[in-house]
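One structure below.
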Amino acid sequence: EKAKENETLVNLVAGLFAGAGEAALWTTPTERLKVLRQAEANSSGPKRYNSMLGTTKIIVQEQGVRGMFVGLVPCVIRQASSVGFRFMCYKPTKDVLTSVTGLDEGVGIFMLAGGTVGALSVAANNPVDVIKNIQQAGHKGGTIQVGREIMAESGVKGFYRGLSARVPRVFCGQAITFAAYETMAKFLLSI
């Protein structure tokens, strides 16, 4: 009963925990592999990281399993804040869009609402994503230290590197995710 009264808060907290769990179990190690391979692709010289499996083997041999979780703190912050924000803001965003456009709920509204909350979440947490990427590329330093270095070298704009690539990617991904979720939920509730 109380959960229904605080639906927005429930969605935020559930999303925070879902995002944190996702980051701790899956996103951190897979992002670590991706970032190392990207950093190496942009450098000259011989390549060590030729495949995801090969990269995993090298990291575990040289750094242990712990090496797969470099950047865990900023990755958890990024994922938890993203997912929490998206779950918290999706329904209110969908309600505003139906009210403003006069359209009934449907795939178009679901996609626009999902894409909007996805894009906004990326804009809000891009600074921690930049920190995570720098750490995962091999920088030796904690989250706060890396943040200070970015600020000293590039100012605030340094925290928004890559935003123009992330926003459309996440907008499209979340548009598909929320539209698929809504469509499947409506179908399942109808049977």
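Just a few scattered comments:
- Taking amide H as placed 1.01 Å from N in the peptide plane, Arg161 has no amide H partner under 5 Å among residues 5 or more places away or on another chain.
- Note on region 43-191: with charges restricted to the Cβ of Lys and Arg (+1) and Asp and Glu (-1), its dipole about the Cα centre is near 540 debye.
- Spread of Cα-to-Cα distances over 5 Å intervals beginning at zero, given as percent, for the chain: 1, 8, 13, 16, 17, 15, 11, 8, 6, 3, 1, 0, 0
- In region 1-103, taking the dipole from charged Cβ atoms about the Cα centre, the farthest positive-side position among Phe69, Thr28, Tyr49 is held by Tyr49.
- Share of alpha-carbon pairs per 5 Å distance bin for region 72-164, given as whole %: 2, 14, 20, 18, 13, 11, 8, 7, 5, 2, 0
- Among the protein heavy atoms of the chain, carbon and sulfur supply 66% of the accessible surface, probe 1.4 Å, non-protein parts ignored.
- GNM flexibility winner over the chain from Thr101, Thr30, Thr116 (Cα, springs under 10 Å): Thr101
- Ratio of Rg to Rh over region 62-113 (Cα coordinates, Kirkwood Rh, two decimals): 1.34
- The spacing between region 41-77 and region 86-163, judged by their C-alpha centroids, is 24 Å.
- Globularity index of region 107-146, i.e. its alpha-carbon radius of gyration over 2.2 N^0.38 Å: 1.66
- The solvent-accessible area of Leu16, taken with every protein chain present and a 1.4 Å probe, is close to 60 Å².
- Two numbers describe the Cα atoms of region 1-44: Rg and Dmax, which are 17.5, 60 Å.
- Signed unit charges on C-beta, dipole axis of region 73-191, positive-most listed residue Gly158, Ala185, Thr93: Gly158
- Coupling constants for region 117-130 follow from the phi torsions by the Karplus curve (6.51 cos²θ - 1.76 cosθ + 1.60, θ = phi - 60°), and in residue order they are 5, x, 5, 5, 5, 5, 4, 6, 10, 4, x, 6, 5, 4 Hz; glycine and proline get x.
- Site-free segments of the chain were taken between GluC sites (Glu not before Pro) in DSSP loops having at most 14 other Cβ atoms within 10 Å, sites themselves excluded; the longest one is 2-104.
- In terms of overall dimensions, region 21-76 has a Cα radius of gyration and Dmax of 11.4, 37 angstrom.
- Solvent-accessible surface of protein heavy atoms, probed at 1.4 angstrom with all chains present, puts Met88, Met68 in the order Met88, Met68, largest first.
The values are calculated or read from the model by the stated rules, or taken from the named source; none is laboratory data. Every value quoted in this text rests on a predicted model; they were computed, and no experiment measured them. Ideal geometry is used to build each Cβ from the backbone, glycine not excepted, and the neighbour counts take in all protein chains shown. Ligands, DNA and RNA are stripped out before the accessible areas are found, and what is left, the full protein with its side chains, is counted by its heavy atoms. Shrake-Rupley method; radii C 1.70, N 1.55, O 1.52, S 1.80 Å.
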